[in-house]
Amino acid sequence: MPSDEVEMLRAIGLQSVDDLFADIPAAVRIPKLDLPDGLPEDVVVARVTSMLAANKTVVDMPTFLGGGSFDHFVPASVRAITARSEFYTSYTPYQPEISQGLLQALWEYQSLMCELTGMDAANTSIQGGKVFLIPRALRHHRRAVLANYLVGTGVKVREVDYDRATGMLDLGKLHEALGSDVCGVYVENPNFFGRFEEQLQEIRDATKAIFVVGVNPIAQAIVRPPGDFGADIVIGEGQPLGTPMNFGGPLLGIFACRQEHIRKMPGRVIGLTRDANGHRAFCMTLQTREQHIRREKAMSNICTNESLLAVAAATYLSVLGSNGLRRVAADNIRRARGLAASIDKISGFTAPIFRGAHFNEFVVRHKKGYPAVHRALLEKGVHGGLPLGRQLPELRDSALFATTGRHTLEAVARLLAELEAFR
Amino acid sequence: MSFRQAYWDEPLLMEKRSAPEVPIDVSELVPPKLRRVGLAIPNLAEFDVVRHFTRLSQMNFGIDTGFYPLGSCTMKFNPKFTEELAALPTVARIHPDQDEATVQGALRLLYELQGILAKIAGMDAVTLQPAAGAQGEYTGLLIASAYHRDRGETRNQVILPDTAHGTNFASAGMLGYDIVEIPSKDGRVDLKALGSAAGDKTLAFMLTNPNTLGIFEEHVLEIADVVHAAGGLLYYDGANFNAILGRTSPGKMNFDIVHFNLHKTFTTPHGGGGPGAGPVGVKKALEPFLPVPLVSLNGRGYHLDYDRPKSIGKVRAWYGNFALLVRAYAYILRMGGDGLREVSDRAVLNANYVRHRLQGVLDVPFGSLRKHEFVASAASLATKGIRTVDLAKRLMDFGYHPPTVYFPHLVEEAMMIEPTETETKETLDAFVEALTKIVGEDPDVLRSAPHNTAVRRVDEVRAAREPILSARMAKAAKPAPS
Ligand SMILES: Cc1ncc(COP(=O)(O)O)c(C=O)c1O
């Protein structure tokens, strides 16, 4: 029997596959790709596995990094669900009748995000008067990305410094920075230093501008949601909800807002409706905000987003429930507090350097500077926190340490022993 | 073929019976002003959660379920071995801020992928940072703008053909650029119209080749000359790369900037809408403006290079969607240069075969030869009261995911069909036969389709008129939807 190729070519009336490319002018043709030939699956698996074996994982090396990416435990059920190929080999649910499962899961995700943040509406994920106020103590790449995303808006950012004693936003500086030109204020809770921002009400009361709060979704289990303080928009990094660190990507952008802003919200949104028989059904909605309809006037250019991570987050939250999520949040605080106290006892170290309540991160200072500590730890196979000097020169001597429920007693003991040994 | 999708009358998570809440005392942990009261996330048995989402998955259609010829999206088979690789702890459990010496494997993979993609595209340098094609476009335009500024020029006009994807318009629009849309002639760029649009304000002309009609723009070198003569840059939207692997390259066609959609051509799974990855490649002159960091190789090993003074900065945190980049890298090794060329050969053959067989069933405007996809039109069925949407809905009853509909806008009642290379003739024949049968069916059957999916035709107008986007909003809305 002739092959598919031969039969199909014959049907079209062509001699060879090359004829299919006759419309490509000779001047732009290439003879072939300048790459090695393909390899069998087992060879590729072996080669890639061995290349990646050069990485030291956080299992090989106790690691105390956070700063937006966290190594929380993920129940195996989460991956079992996101590995269902009905989900992961589908695409944007343009045709709702055949995609109800994903649509319901994403709608449930939106509902869960609204519950965590105290907002009315959320999207299924994303990737911003004239001046936006942002904290000076903000993860550097957040600031850098913001700058690139403000290019077309004409909006400028103005930084508000932090209080040197508490690490929270300096309210005096906030009042100085607020003017009639300010269209929005952004703060984080917990903030860059892992410190809870206790002044959300004061900040809300200080301005009528759009109030945007960045959150850690796990902390939200036991912390009052920004919605209670009159926030307009809540954003956050959703990676802690059931997605591994993956060297920084993919990530899940949480975006939730008050009902009055929904028609300006960027990204994909799922709505509840009915089918022709009156059954409950779901579909993408408010699509007139989106690029495929509104084109250059769209609220964003988002097409492909981070849906599968939203499914992971919904599954993670459902497996844990409110009880489990609260336990994780409380456990993170206790562990961070315990770790900070142990480090603080070691001669030369101060932790946390800011007074008051923290979530799962805190700043550690060494009196002779942190970088030498960092190098010494690495030599001993322990990875310390994020050195802060590059971003905040006054914290040259300090680093941001993080912990999660995954740190074993042994990992913590190794860190403490190496810090003790540091001279 | 007959098909019946599962239907579970599955309650919402929030409607399921929750175990009692276990109060926990956080008075020692959270300052009084910040202490939360109440958290309405149900407490369910793990096995029940797994069953809930498994049932939902059975009401969802993926590539593994059936043929998914969604034009412009390249819904090809997602190999399983790349899923296993991406789940390795040496991928999943490394932190992006780790010291370079402890992530040499990851950096090497990124470095090699930068090089491989540059070769495939005929470009000189690649950033892996953007999270999807649209973010690649945004990044590419920022790079173009920085390049012009560096030469002391302010250019703020982006030219787009009327066949361009919505994200091209939106990316340029978000950056505040002026958009000049030029009409097509015979389904191709009208060189005259381009000539009169291009000038000293032209920042870039964005094009995908083959274009969204699946037609190869034979005059691409003339197009490049017109744009370059005006001082503008030529941007390649890589969404349609699946048509040209090993046959031509954006570099060879004189493009200056290109984005890849790794979730299309390089088959990282679409994930129900994402995550994807949208690397950007550029020619030498634009390399200084790429986002930081790039991965480089020096005497001490692989290195994250932030020392790039002309860089546009960052478009997202860290280095891109690493877990997807691992999959794409492994796929490319598996296929090799020879295998990738065969990908395009078969993708183009499949598309032309389906197009050929559908002649007489639907209209296929603009001549014959196509690349990896084509656009048909159901306009002639209007007299029977049938629209493209009805065909699309009815196709689901036969177990097919519908093609992309109503895009590109240039074609009335458009249906954009992209079979991809990972389909047999048997599947393609069955699809053609189903569509042929559907066109001859009683229009009422079509207008009331689908009949065999989990739910019947969904009222999208109602969803938009009274948006209910969360359980909270559902509670507040009255009357509550049944
Ligand atoms: C022609 C074209 N350009 C750009 C894009 C945007 O790519 P992404 O969805 O990866 O953002 C698409 C996506 O479907 C497309 O088809």
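The values are calculated or read from the model by the stated rules, or taken from the named source; none is laboratory data. Worth saying up front: this structure is predicted, and the values here are computed from it rather than measured. Positions of Cβ are generated from backbone atoms using ideal geometry, with glycine treated the same way; all protein chains shown enter the neighbour counts.
Against the numbered list (1) away from the ligand (no atom under 16 Å from the Cβ); (2) of a type outside the set (Lys, Arg); (3) facing another protein chain (nearest Cβ under 9 Å), residue B:152 comes up short only at (3).
Let's see how each residue does on (1) within 10 Å of the ligand (Cβ to nearest atom); (2) farther than 14 Å from residue B:114 by Cα; (3) within 12 Å of chain A (Cβ to nearest Cβ); (4) of a type in the set (A, V, I, L, M):
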| position | (1), (2), (3), (4) |
| --- | --- |
| B:251 | no, yes, yes, no |
| B:256 | no, yes, no, no |
| B:259 | yes, no, yes, no |
| B:262 | yes, no, yes, yes |
| B:271 | no, yes, yes, no |
| B:274 | yes, yes, yes, no |
| B:285 | no, yes, no, yes |
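The set of residues in region A:387-423 being in contact with a Lys or Arg (Cβ under 6 Å, 6 or more places away or on another chain), part of a loop (DSSP other than H, G, I, E, B) and under 19 Å from residue A:347 (Cα atoms) consists of A:397 alone. Note on region B:439-465: residues that are among the hydrophobic types (A, V, I, L, M, F, W, C) and surrounded by 21 or more Cβ atoms within 10 Å (Cβ to Cβ) total 6.
Among the residues of region A:253-270, count how many are at the interface with another protein chain (Cβ under 7 Å from one of its Cβ atoms) and either in a loop (DSSP other than H, G, I, E, B) or among the aromatic types (Phe, Trp, Tyr) (or both). The qualifying residues number 2. Of all the numbered requirements in (1) closer than 20 Å to residue B:73 by Cβ; (2) within 23 Å of the chain's Cα centre (by Cα); (3) of a type in the set (A, V, I, L, M), residue B:326 misses one, and that requirement is (1).
Of all residues in region B:228-244, at least one satisfies being more than 16 Å from the ligand (Cβ to nearest atom) and buried (at least 24 other Cβ atoms within 10 Å of the Cβ). Residue A:145 passes all but one of (1) at pLDDT 95 or above; (2) under 23 Å from the mean Cα position of the chain (by Cα); which number fails? That leaves (1) as the condition not met.
Looking for something more than 24 Å from residue B:202 (Cα to Cα) and among the aliphatic types (A, V, I, L, M) - is there at least one such residue anywhere in region B:153-164?
The first filter runs over region B:153-164 and keeps only residues more than 24 Å from residue B:202 (Cα to Cα), leaving none.
The answer is no, given that none of the residues of region B:153-164 is more than 24 Å from residue B:202 (Cα to Cα) and among the aliphatic types (A, V, I, L, M).
Within the bounds of region A:354-367, is there any residue that is buried (at least 21 other Cβ atoms within 10 Å of the Cβ) and among the polar types (S, T, N, Q)? Yes, region A:354-367 has at least one match.
Restricting attention to region A:299-312, does a residue exist that is under 21 Å from the mean Cα position of the chain (by Cα), assigned to a helix (DSSP H, G or I), assigned by TED's automatic domain parsing to the domain that holds residue A:149 and of a type in the set (Val, Ile, Thr)? Yes, there is a match, as at least one residue in region A:299-312 is under 21 Å from the mean Cα position of the chain (by Cα), assigned to a helix (DSSP H, G or I), assigned by TED's automatic domain parsing to the domain that holds residue A:149 and of a type in the set (Val, Ile, Thr). Out of B:173, B:136, B:187, B:166, one residue alone is more than 9 Å from chain A (Cβ to nearest Cβ), within 16 Å of the ligand (Cβ to nearest atom), small (Gly, Ala, Ser) and under 17 Å from residue A:302 (Cα atoms). It is B:136.
If I filter region B:62-78 for residues that are crowded, with 23+ Cβ neighbours inside 10 Å, facing chain A (nearest Cβ under 7 Å) and under 18 Å from residue A:321 (Cα atoms), do I get at least one hit? Within region B:62-78, not a single residue is crowded, with 23+ Cβ neighbours inside 10 Å, facing chain A (nearest Cβ under 7 Å) and under 18 Å from residue A:321 (Cα atoms).
Of the helices (runs of 4 or more DSSP H) lying entirely inside region B:369-482, those containing at least 2 residues that are touching a helix residue (DSSP H, G or I) at 6+ places or on another chain (Cβ under 7 Å) span B:388-397, B:425-439, B:443-447, B:471-476. Comparison of B:208, B:154 shows that the only residue that is touching an Asp or Glu at 6+ places or on another chain (Cβ under 6 Å), polar (S, T, N, Q) and on the phi < 0 side of the Ramachandran plot is B:208.
Would you pick out the residues in region A:98-123 that are in a helix (DSSP H, G or I) and more than 7 Å from chain B (Cβ to nearest Cβ)? Within region A:98-123, A:103, A:106, A:107, A:109, A:113, A:116, A:117 meet the criteria. Residue A:282 meets each of the listed conditions (1) within 18 Å of the chain's Cα centre (by Cα); (2) modelled with pLDDT of 95 or more apart from (1). Evaluation of residue A:157 against the conditions (1) among the hydrophobic types (A, V, I, L, M, F, W, C); (2) assigned by TED's automatic domain parsing to the domain that holds residue A:208; (3) under 21 Å from the mean Cα position of the chain (by Cα) shows that the sole unmet condition is (3).
Restricting attention to region A:271-290, and to residues there that are over 17 Å from residue B:457 (Cβ atoms) and crowded, with 16+ Cβ neighbours inside 10 Å, which single residue is farthest from the other protein chains (Cβ to nearest Cβ)?
So the residue we want is A:289.
Of the residues contained in region B:110-118, one or more are found to be touching a strand residue (DSSP E or B) at 6+ places or on another chain (Cβ under 9 Å), within 16 Å of the ligand (Cβ to nearest atom), in the same structural domain as residue B:263 (by TED's automatic domain parsing) and not in a loop (DSSP other than H, G, I, E, B). Please determine whether any residue of region B:283-298 is under 28 Å from residue B:76 (Cβ atoms) and not in a strand (DSSP E or B). Scanning region B:283-298 turns up no residue that is under 28 Å from residue B:76 (Cβ atoms) and not in a strand (DSSP E or B).
To keep it simple, each residue is scored yes or no on (1) within 7 Å of chain B (Cβ to nearest Cβ); (2) among the hydrophobic types (A, V, I, L, M, F, W, C); (3) within 34 Å of the chain's Cα centre (by Cα).
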{"site": "A:31", "(1), (2), (3)": "no, no, no"}
{"site": "A:38", "(1), (2), (3)": "yes, no, no"}
{"site": "A:41", "(1), (2), (3)": "yes, no, yes"}
{"site": "A:44", "(1), (2), (3)": "yes, yes, yes"}
{"site": "A:49", "(1), (2), (3)": "yes, no, yes"}
{"site": "A:52", "(1), (2), (3)": "yes, yes, yes"}
{"site": "A:58", "(1), (2), (3)": "yes, yes, yes"}
{"site": "A:64", "(1), (2), (3)": "no, yes, yes"}
{"site": "A:72", "(1), (2), (3)": "no, no, yes"}
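Residue under question is residue B:127, and the condition is that it be within 16 Å of the ligand (Cβ to nearest atom) and away from chain A (no Cβ under 12 Å); does it hold? Yes. Which one is surrounded by the most Cβ atoms within 10 Å (Cβ to Cβ), of the residues in region A:173-192 that are touching a Pro at 6+ places or on another chain (Cβ under 8 Å) and of a type outside the set (A, V, I, L, M)? The extreme case among them is A:189. In the set (1) exposed (fewer than 12 other Cβ atoms within 10 Å of the Cβ); (2) out of contact with any Gly (no Cβ under 8 Å at 6 or more places or on another chain); (3) closer than 30 Å to residue A:277 by Cα, residue B:2 fails one condition alone, (2).
Matching residues to (1) more than 8 Å from chain A (Cβ to nearest Cβ); (2) within 28 Å of residue B:165 (Cβ to Cβ); (3) crowded, with 20+ Cβ neighbours inside 10 Å; (4) touching a Leu at 6+ places or on another chain (Cβ under 9 Å):
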{"residue": "B:407", "(1), (2), (3), (4)": "no, yes, no, no"}
{"residue": "B:425", "(1), (2), (3), (4)": "no, no, no, no"}
{"residue": "B:437", "(1), (2), (3), (4)": "yes, no, no, no"}
{"residue": "B:467", "(1), (2), (3), (4)": "no, yes, yes, yes"}
{"residue": "B:474", "(1), (2), (3), (4)": "no, no, no, yes"}
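Cβ separations smaller than 6 Å between residues 6+ apart or across chains give the following pairs from region B:333-348 residues that are more than 7 Å from every other protein chain (Cβ to nearest Cβ) to residues that are part of a helix (DSSP H, G or I): B:344/B:243; B:347/B:242.
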